[in-house]
Amino acid sequence: MLALVLEKTKQLNLRPVELDETVGDHDVRIRIHTVGICGSDVHYYQHGRIGPFVVKEPMILGHEASGIVEEVGAAVTHLKPGDRVCMEPGIPDPNSRATRLGIYNLDPQVRFWATPPIHGCLRPTVVHPAPFTFKIPDNVSFAEAAMVEPLAVGMHAANKAAIRPGDVAVVIGAGPIGMVTALAALAGGASSIVIADVQQPKLDLAATLGPITPVNVSRQNLKDAVDAATDGWGADVVFEASGNARAAAAVFEPLCPGGRVVFIGMPNEPIAYDVVGASVKEARVEHVFRYAHVYPRALALMHSGKIDVKPLITDAFSFEESIEAFDFATHMPARSVKAQIVLQQ
Ligand code: ZN
């Protein structure tokens, strides 16, 4: 089958790949419809590695996908051919200690699409475990369903923050993950969000998504803006979604006493963690790595209309334009948030 293959750093090919995939009793075969391009895909393309994960052999990219069920295994009961679905890209060992503890996203044996050496989903079909394949509500499009993957990260972060009704939250970074984190926090009960970035077009878009105040930190101080919005008390929750080391080092500044911080972004270098800044506020600090069983709730929020990701889907490319799409995503214009590759019309 034709697939988008990362041969090595900075070399992509749309070329035939031999994949021998049989549908086991608990599997489904899915015809891929839409695949979102993630920052991690672009990072592998440009740098060939993310932390300990190194591309050593050609690897198919893509992990944010929706599609149509083509074939189901003998033991599959909740899906049938023709069903519209989206897929959770990380498959843990069901018998692992992490899985039994309910933290399967942390299973060291997890096989995650487009994380070396596991092939991703930028190809016509995939075989996937049915328990990690979710039916899409009728009023949710394939494009929106391919956004469930990044949205799941934002929802996991909102869960970790233990959002309470009326919280004021800060989101640092207005990229796709920052945007979906803001939406997840609002859906979870936050009364308002202050979102920080340096790209004005992204901030302008964020401001249209709900009670979200944009702060351009290239010309405005974040703490001052949060103080103005909270009578000087600070934000109940601060989400770090920029992955910028300097921004990450300053997370405790806009936080209220007793507040919560969630680190989502992964800075390329170690950050200057402000222990004293955290101590004097008794900050509760959380970290996230992907998500665990968030898809059904993400789809439910899309179905009910409480979360609308459509404004975040800014650019679409055909499968034939995949390499062009990745070059576009590598030099993403400030107005763009999420680019997707559409494999079928
Ligand atoms: Zn992703």
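The values are calculated or read from the model by the stated rules, or taken from the named source; none is laboratory data. Note that the structure is a prediction, hence the values are computed from the model and not measured. Every residue, glycine among them, receives a Cβ derived from its backbone with ideal geometry; neighbour counts consider all protein chains shown. Ligands, DNA and RNA are stripped out before the accessible areas are found, and what is left, the full protein with its side chains, is counted by its heavy atoms. Shrake-Rupley method; radii C 1.70, N 1.55, O 1.52, S 1.80 Å.
If only residues of segment 191-242 that are open to solvent by 10 Å² or more (accessible area, probe 1.4 Å) and of a type in the set (Asp, Glu) are counted, the one that is farthest from Met266 (Cα to Cα) is Asp231.
For (1) modelled with pLDDT of 95 or more; (2) out of contact with any His (no Cβ under 6 Å at 6 or more places or on another chain); (3) under 24 Å from Ile341 (Cα atoms), each residue gets a yes or a no:
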{"residue": "Ile91", "(1), (2), (3)": "yes, yes, yes"}
{"residue": "Arg100", "(1), (2), (3)": "yes, yes, no"}
{"residue": "Leu106", "(1), (2), (3)": "yes, yes, no"}
{"residue": "Trp113", "(1), (2), (3)": "yes, no, yes"}
{"residue": "Glu149", "(1), (2), (3)": "yes, yes, yes"}
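In summary, helices (runs of 4 or more DSSP H) completely within segment 172-242 and bearing 3 or more residues that are under 15 Å from Cys256 (Cα atoms) occur at 222-229.
Pro176 meets each of the listed conditions (1) out of contact with any Pro (no Cβ under 7 Å at 6 or more places or on another chain); (2) open to solvent by 20 Å² or more (accessible area, probe 1.4 Å) apart from (1). If you go through segment 36-75 and keep only what is touching a Ser or Thr at 6+ places or on another chain (Cβ under 8 Å) and of a type in the set (A, V, I, L, M, F, W, C), you end up with Val42, Ile50, Phe53, Val55, Ala65, Val69. Selection of first residues in segment 273-290 that are in contact (Cβ under 8 Å) with a residue 40 or more places away in the chain and of second residues that are open to solvent by less than 90 Å² (accessible area, probe 1.4 Å) and of a type in the set (S, T, N, Q), restricted to Cβ pairs under 9 Å at least 6 apart or on distinct chains, gives the following pairs, ordered by first then second residue: Val288/Asn105; Phe289/Asn105; Arg290/Asn105.
Note on segment 269-294: residues that are part of a helix (DSSP H, G or I) and closer than 25 Å to Gly51 by Cβ amount to 2.
Among the residues of segment 46-99, those that are polar (S, T, N, Q) and in contact (Cβ under 8 Å) with a residue 40 or more places away in the chain comprise Gln46, Ser66. The numbered conditions (1) over 24 Å from Ala241 (Cα atoms); (2) free of Cβ contacts under 8 Å to residues at least 40 places away in the same chain; (3) open to solvent by 40 Å² or more (accessible area, probe 1.4 Å); (4) of a type outside the set (Val, Ile, Thr) are all true for Lys135 except (2).
Of the candidates Ser218, Ser191, the single residue that is under 29 Å from Met302 (Cβ atoms) and modelled with pLDDT of 95 or more is Ser191. Filter segment 15-66 down to the residues that are within 16 Å of the ligand (Cβ to nearest atom) and at positive phi and list them by number. Result: Gly51, Gly62. Would you check if there is a residue in segment 76-85 being within 16 Å of the ligand (Cβ to nearest atom) and either touching a Ser or Thr at 6+ places or on another chain (Cβ under 9 Å) or open to solvent by less than 50 Å² (accessible area, probe 1.4 Å) (or both)? Scanning segment 76-85, I find no residue that is within 16 Å of the ligand (Cβ to nearest atom) and either touching a Ser or Thr at 6+ places or on another chain (Cβ under 9 Å) or open to solvent by less than 50 Å² (accessible area, probe 1.4 Å) (or both), so the answer is no. Condition test on Met179, is it touching a helix residue (DSSP H, G or I) at 6+ places or on another chain (Cβ under 7 Å), under 24 Å from Leu61 (Cβ atoms) and in the same structural domain as Arg49 (by TED's automatic domain parsing)? When the stated conditions are applied, Met179 does not pass them. Scanning segment 244-263 for residues that are assigned to a loop (DSSP other than H, G, I, E, B) and open to solvent by 20 Å² or more (accessible area, probe 1.4 Å) yields Asn244, Ala250, Glu253. Whenever a residue of segment 34-45 is closer than 13 Å to Leu4 by Cβ, its partners that are assigned to a loop (DSSP other than H, G, I, E, B) and among the hydroxyl-bearing types (Ser, Thr, Tyr), lying with C-beta atoms within less than 8 angstrom and at least six residues away or across chains, give the pairs Tyr45/Thr9. Residue by residue through segment 104-124, note down the ones that are buried (at least 18 other Cβ atoms within 10 Å of the Cβ) and either polar (S, T, N, Q) or in contact (Cβ under 8 Å) with a residue 24 or more places away in the chain (or both). Of everything in segment 104-124, those that are buried (at least 18 other Cβ atoms within 10 Å of the Cβ) and either polar (S, T, N, Q) or in contact (Cβ under 8 Å) with a residue 24 or more places away in the chain (or both) turn out to be Tyr104, Asn105, Phe112, Trp113, Ala114, Thr115, Pro116, His119, Gly120, Cys121, Leu122, Arg123. Of all residues assigned to segment 299-306, at least one qualifies as being more than 30 Å from Tyr45 (Cα to Cα), surrounded by 19 or more Cβ atoms within 10 Å (Cβ to Cβ) and not assigned by TED's automatic domain parsing to the domain that holds Val198.
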